[in-house]
1. Which condition does V205 not pass, out of (1) in contact (Cβ under 8 Å) with a residue 24 or more places away in the chain; (2) aliphatic (A, V, I, L, M); (3) under 22 Å from S406 (Cβ atoms), if it passes all the others?
2. Would you call L81 under 25 Å from V116 (Cα atoms), in a helix (DSSP H, G or I) and at pLDDT 90 or above?
3. Please give the number of the condition P300 fails out of (1) within 30 Å of G160 (Cα to Cα); (2) part of a loop (DSSP other than H, G, I, E, B); (3) not acidic (D, E).
4. So which residues in the stretch 153-171 are open to solvent by less than 30 Å² (accessible area, probe 1.4 Å), modelled with pLDDT of 90 or more and not in a strand (DSSP E or B), if there are any at all?
5. So G244 clears everything in (1) more than 27 Å from T331 (Cα to Cα); (2) touching a residue at least 12 places away in the same chain (Cβ under 8 Å) except one condition, right? Which one?
6. Taking the stretch 287-300 as the region of interest, how many residues are within 30 Å of the chain's Cα centre (by Cα) and either aliphatic (A, V, I, L, M) or exposed (fewer than 11 other Cβ atoms within 10 Å of the Cβ) (or both)?
7. Just for the stretch 65-90: of the residues that are closer than 25 Å to H270 by Cα and open to solvent by 20 Å² or more (accessible area, probe 1.4 Å), which one is nearest to the chain's Cα centre (by Cα)?
8. So which of E138, E121 ends up being more than 17 Å from the chain's Cα centre (by Cα) and open to solvent by less than 10 Å² (accessible area, probe 1.4 Å)?
Amino acid sequence: MPAPSLLLYRALFGLALPIAAPWLLWRNRRRGRPPLRIRARLGLDLPPVRPGGVWVQAVSVGEVAVARLLLKELRSRHPQLPAVLTSTTATGLRLAAGPQLADVILPFPLDLPGPVRRMAEHIAPRLLVLVETELWPELLAACGRRGVAVVIANARISDGALPRYRAVRPLLRPLLAPVSLVLAQGEVEAERFAALGIPAQRIRVTGNIKFDAAPLGPPPAVAEVIRRLAGGRAVLVAGSTMAGEEELVLDAWLGVEASRRPFLLLAPRHPERADEVAALLAARRVAATRRSFLDGAQEPADAVVLDTVGELAALYQLGSAAFVGGSLVPTGGHNPIEPARFGVPVLTGPHVRNFAGVYEHFVASGAARVVRGAAELRGQLELWLANPAEAQRVGAAGRALLARHSGATARTVDALEPFLGLPC
């Protein structure tokens, strides 16, 4: 008999799904996102999978980047290990698709008994790895019934989510019983999982995998085109920006004296918003083009809108400075590690709850500057343009910070390996 809390979850999920599903379909169509692949999310029409391996679930782009680092390390140690990577969002699935480190990439199933059971039976893993905060009750219950080890890797609970989890702690505790091990980013995160009822002996601090940036490879071919368009100017990379934030970035950028204004590479977090962002530039009479139109581009431009998935991380290396978005509007911020690994100085707004621990390290070590609006963003940008040596010192502090915190991926895989010999 399922636990009462699981039965309650099923009832609530079942009531919410008929309301949420049409809205999600409408939103995806409106934003030009790929179809939701409903049959796969129901656990139907799945491709062949070798059983007895590892199943890694990562909700979206940031978590998929962590999953890829884990899978690369796992496969380097165990080349024949079957591996399946699932992701919840369309952008996460696009990033997961290449270069491929898993045998099979699938959309995450709806967390209902039928879809979860069918996918778990089809994959038949020895180990399920949930990246960061993927606490899906139906999936956890299915793994508990099948004797599949469950590890939460790079585990974190954000400041925003913590009160909600605490409010349902008595209901959540039995649902978390199948969790074999929590590999927390830090001591604060470890304490939060313990407070939810995970026994202390099942919690270990292994560090934040996001500090283990992927090895630097050659820049994408488009980088040379952007350099040519920049024509020797400094480059401001404004990455992972959100609705309502591009206007602030543009106000700051256009406020810089024209003779010193840097070239702008503007990358909305959701590429399907590229038309909207391009319209903002056009309304300000900025000569701009989109990345997807760059091949063979000859027209002069002062800005490029990045409308592709998976290129931003490498293109940060073009930056004289980087503004990491989702932070001037209250959406929680995004990852500053990607520009820091190139020694690019980081600017961020104050709304960084999703990466609070990372930014604490960045700000304390002088590897990032916090700006609280367009005026402060313009002022800090002007300061760095006038004093490049100061910008370089901030960038160097970021690189040094990453070096001090590296190694979490290897420690995490060390902790996963004992579970790989468990029976299915």
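1. (1)
2. no
3. (1)
4. Answer for the stretch 153-171, where residues must be open to solvent by less than 30 Å² (accessible area, probe 1.4 Å), modelled with pLDDT of 90 or more and not in a strand (DSSP E or B): just I157.
5. In the conditions (1) more than 27 Å from T331 (Cα to Cα); (2) touching a residue at least 12 places away in the same chain (Cβ under 8 Å), G244 misses (1) alone.
6. 3
7. Per the criteria, the residue is A65.
8. Testing whether each residue is more than 17 Å from the chain's Cα centre (by Cα) and open to solvent by less than 10 Å² (accessible area, probe 1.4 Å) leaves just E138.
The values are calculated or read from the model by the stated rules, or taken from the named source; none is laboratory data. None of these values were measured; they are calculated from a predicted model. FYI the Cβ positions are ideal-geometry reconstructions off the backbone, even for glycines, and counts take in every protein chain you see. These area figures cover heavy atoms from the full protein model, side chains too; ligands, DNA and RNA do not enter into them. Shrake-Rupley method; radii C 1.70, N 1.55, O 1.52, S 1.80 Å.
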